[in-house]
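Below you'll find the structure, written out as C-alpha cells, and then a few comments.
The values are calculated or read from the model by the stated rules, or taken from the named source; none is laboratory data. Not measured: the values here are computed from a predicted model. Cβ: placed from backbone, ideal geometry, glycine included. Neighbour counts: every protein chain shown. These accessible areas exclude ligands, DNA and RNA; they are computed on the full protein's heavy atoms, side chains included. Shrake-Rupley method; radii C 1.70, N 1.55, O 1.52, S 1.80 Å.
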Amino acid sequence: MSNPGSSAAASTSSSPAVVPDAVAASPAAGGAPRGFGSFGSLGPVGLVLAGGISVQFGGALAVTLMPRAGALGVVTLRLVAAAVILLLVCRPRLRGHSRADWGTVIVFGAAMGAMNGLFYEAVARIPLGPAVTLEVLGPLALSVLASRRAINALWAALALAGVFLLGGGGFSDLDPLGVGFALGAGTMWAAYIIFSARTGRRFPQADGLALAMAVAALLFVPLGIAESGGKLLHPTTLALGSAVAVLSSVLPYTLELLALRRLPASTFAILMSLEPAIAATAGFFVLHQALSLTEAAAIALVIAASMGAVRTQVGRGKVVEPGPVS
C-alpha cells in the first residue's frame, strides 16, 4: 500500500509547495532520523523500493489478521504500535514549532490515518492486488499534475496501462464499495505524499512523522474500539499488529520521508506505481495468490515506466545528494 520531504531550506513559518524539482535537505530538517542513519546509504530510489517491499508484505500480513480484529481494528493496532515505536525512537521536541508547523503535521496525520483506514476497508472486500492497483491511481495523477515535462506524462500513462492490465482490464467484477474505498485511499495517498514532504521540511529528522503518526493513532483508537473492543488486547493479535506496524508504517514511512528529501515529487509518485507489482508478489508468497501471464505483463509495464521516470530525472541531474547534516 501504501503511499512521504523535498525542498530547499525554508523558514519554518513558510508554506512551500511540493514541486518536481529535486532539492537538498535543509539544515533544519536534518538527515536520517535517530536510529535510522544507515538507511541513507541506499540512495533515494533504494529507499523508496525498500519501503514499498516492506509496506506490501506488511499489508499481506494485515489481511491474515483481519478475521481476528476487523479492518478498523487492524488499522488501530498498526497506527498505535507505530506511533509508540516512533515516539520512543525519535523523541520529538514539542516546543518551538509554529502554528503552521502544527497545522501541517495534523493534516499529515489525518491523511495518513484516512489512507490506512480506507485501504484496509478495501482489502477486506477485494483482493490485495486490485486494491493496490486502484489505490496507486492517486500518486499517478499527482505525478502528472506535479510534472512540468511531457515525458513524465508519458511514463505515467505507461504505468497507468500496466495498472489496468494488472486489474484484468477492468474492475466490474469487484465489490463496488471496495473499489470506492480503494480509490479514496488513492486520493489520501496523494495527500500523504504532499504533506509528508512539507512535514519533512518543517521538522528535524523524523520528528514530524512521529507526531503525525500519533495524530493518526488518536483519530483511529475510538473507531478500532467500536469495531473490535477487547479483541484488540489478545496477545497474538497485539503481536501480529505490532509486526504489521513495523512493516507497514515504521520502516516504509521513515524510508519514504528520507527519500523525498532528495527525490522529485513527480518521480517519487511514479515510483509508487511499483506498488501493484510488489503487492502481487507479496500476495503470492504470503496469501498464495498466483500470477497470470497478464499480470506479469502488467508488472513489466509498470517497472518500465518507473525506470523511465527515474532515468529521465537522473539524466537531467535532478536527484541531488543532501548536504552535510548537523
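Between the range 211-255 and the range 72-142, how far is it from one alpha carbon centroid to the other, in angstrom?
What the calculation gives is 10 Å, centre to centre.
Under the rule a/c < 1.5 gives rounded, and otherwise a/b versus b/c splits prolate from oblate, where does the range 152-237 land using the Cα gyration tensor?
Details: a/c = 2.97, a/b = 1.23, b/c = 2.42.
The shape class here is oblate.
Quick one: 3J(HN,Hα) in Hz for the range 196-212, Karplus 6.51/-1.76/1.60 with θ = phi - 60°, rounded, Gly and Pro as x.
For the range 196-212, the Karplus-derived couplings read 5, 4, 5, 5, x, 7, 8, 10, x, 6, 10, 4, x, 4, 4, 5, 5 Hz, x marking Gly and Pro.
Taking just the alpha-carbon atoms of the range 59-144, what radius of gyration and Dmax come out, in angstrom?
Spelled out, the Cα radius of gyration and Dmax of the range 59-144 are 15.6, 45 Å.
Largest first and in whole Å, what are the equivalent-ellipsoid semi-axes of the range 196-235 based on the Cα gyration tensor, each being the root of 5 times an eigenvalue? Intermediate results must be reported in sequence, preceding the final value.
On the way: eigenvalues 175, 21, 6 Å².
Equivalent-ellipsoid dimensions as semi-axes: 30, 10, 6 Å.
Rounded, prolate or oblate for the range 78-122? Axes are the square roots of the Cα gyration tensor eigenvalues, ordered a ≥ b ≥ c, and the cut-off for rounded is a/c under 1.5. Don't skip to the answer; put the middle values down first.
Details: a/c = 5.36, a/b = 1.43, b/c = 3.75.
It is oblate, given that a/c is not under 1.5 and a/b is not larger than b/c.
Which one, 211, 71, 150, is farthest towards the positive end of the dipole of the range 66-218 when Lys and Arg carry +1 and Asp and Glu -1 on their Cβ?
211
Might you tell me the accessible area per residue for the range 116-237, computed with a 1.4 Å probe and given in Å²? Display every interim value, and only then the final one.
On the way: 4670 Å² over 122 residues.
Dividing the accessible area of the range 116-237 by its residue count gives 38 Å².
Tell me the carbon and sulfur percent of the accessible area for the range 178-241, rounded to whole percent, probe radius 1.4 Å.
Of the solvent-accessible surface of the range 178-241, carbon and sulfur hold 77 percent.
Tell me the net charge near residue 190. Cut-off is 15 Å between Cβ atoms, residue 190 excluded, with +1 for each Lys or Arg and -1 for each Asp or Glu.
Details: positive: 198; negative: 135, 256, 275.
Net of charged neighbours comes to -2.
Less than 11 Å Cβ to Cβ from residue 65, Lys/Arg counted +1 and Asp/Glu -1: what total charge do the surrounding residues give?
Numbers: positive: 68, 78, 231; negative: none.
Value of the local net charge: +3.
Give me the net charge for the shell around residue 248: Cβ to Cβ below 14 angstrom, other residues only, Lys and Arg +1, Asp and Glu -1. Walk me through the intermediate numbers first.
Numbers: positive: 78; negative: 135, 256, 275.
Its environment carries a net charge of -2.
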